[in-house]
Amino acid sequence: MQRKKEPVLGFGVDLYTFEDSLQFVHQCLKENKGMHIVTINPEMIALGRKNDEFGRVINEADLVIPDGVGVKLALKIKGINQENIPGIEFSKKLMSICELEGFTIGLLGAKEEVVQQAAKKLREEHENLNITYIRNGYFDEQEEDIILQELKAIAPRVVFVALGAPKQELFISKIKSEMPSTVFIGVGGSFDVWSGIVKRAPEWWQKLGLEWLYRTLKEPARFKRIFPALPLFLVRVIIESIREKLG
Ligand code: UDP
């Protein structure tokens, strides 16, 4: 499938639908190809502008999915109607493909009890899902090499990495060349949700695109991360879009 990307403040976002993104990854898995999937949001774009290495890693990813209303709105400002693809839902669908096709998976990240509980719940939900690697996300640089050796030996076809951004993307970028047949996806706080410890926003908040607000109200510490990043992000996108129109 030919990638069609649109830059948002210097970061190319793939304009696939949810279904086509999934198809793209499915095809790669069938062809025994690996890839790095980034689920991008305004916070990550703001971080990528400040941190060159993180910015480079985003732009080197094989698939950049617009996760949340922020990026959807940014594309709308640029005249593009793009479906929002929540990373957590995309990951769940990817898991269903793995279950159906027998692709093994790994879970790397979150606290020990969280990742164990998430694995237990996922196994209950997806009877035939083959989880071959489980590891918490609290490790130092020396342990990184052990994790890489373990991962290489077990070689799961898809590894869900839940270390939060930018840690998960930087870690994936460090190891992906050593595991060319593995699909890596950074999933942020998804294990906390899959374990049942953290609840997602009720569906109507999600439908209105207000999941970020719900999470911020539940976890006020997030406020600092979202503001002023979100409004600033939209202002920058508007300026970028005017500049593009003026040529
Ligand atoms: N985490 C981790 N190792 C770390 C830091 C964070 O495994 O060194 C985990 C943390 O336990 C949580 C996830 O990474 O499960 C980050 O979640 P957050 O909601 O902050 O990520 P976001 O979805 O906002 O990127």
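The values are calculated or read from the model by the stated rules, or taken from the named source; none is laboratory data. Since the structure is predicted, the reported quantities are computational estimates derived from the model, not experimental observations. Ideal geometry is used to build each Cβ from the backbone, glycine not excepted, and the neighbour counts take in all protein chains shown. We work out accessible area using only protein heavy atoms, side chains counted, and drop any ligands, DNA or RNA first. Shrake-Rupley method; radii C 1.70, N 1.55, O 1.52, S 1.80 Å.
Results, tabulated for the structure shown:
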read-out	value
Meets criteria (modelled with pLDDT of 95 or more and within 25 Å of A118 (Cβ to Cβ)) for A155	yes
Pair list, Cβ under 9 Å, 6 or more apart: region 220-247 residue aliphatic (A, V, I, L, M), other residue not in a helix (DSSP H, G or I)	V237/V8; V237/L9; V237/K78
Leading residue by the ranking (nearest to the chain's Cα centre (by Cα)) among those in region 82-97 that are small (G, A, S) and either surrounded by 20 or more Cβ atoms within 10 Å (Cβ to Cβ) or closer than 16 Å to G188 by Cβ (or both)	G87
When residues of region 142-189 are limited to those that are in contact with a strand residue (DSSP E or B) (Cβ under 9 Å, 6 or more places away or on another chain) and of a type in the set (S, T, Y), the one most open to solvent (accessible area, probe 1.4 Å)	S173
Residues within region 190-239 that are touching a strand residue (DSSP E or B) at 6+ places or on another chain (Cβ under 7 Å) and within 14 Å of the ligand (Cβ to nearest atom), tallied	2
Selection within region 27-60 - open to solvent by 30 Å² or more (accessible area, probe 1.4 Å) and within 20 Å of V159 (Cβ to Cβ)	Q27, K30, E31, N32, K33, E60
Residue that is of a type outside the set (A, V, I, L, M, F, W, C) and touching a strand residue (DSSP E or B) at 6+ places or on another chain (Cβ under 6 Å), where the choices are G87, G68, G102	G87
Candidates L129, L100, filtered to the one that is away from the ligand (no atom under 16 Å from the Cβ), surrounded by fewer than 21 Cβ atoms within 10 Å (Cβ to Cβ) and not in a helix (DSSP H, G or I)	L129
When residues of region 58-77 are limited to those that are touching a Lys or Arg at 6+ places or on another chain (Cβ under 9 Å) and within 16 Å of the ligand (Cβ to nearest atom), the one nearest to I185 (Cα to Cα)	V64
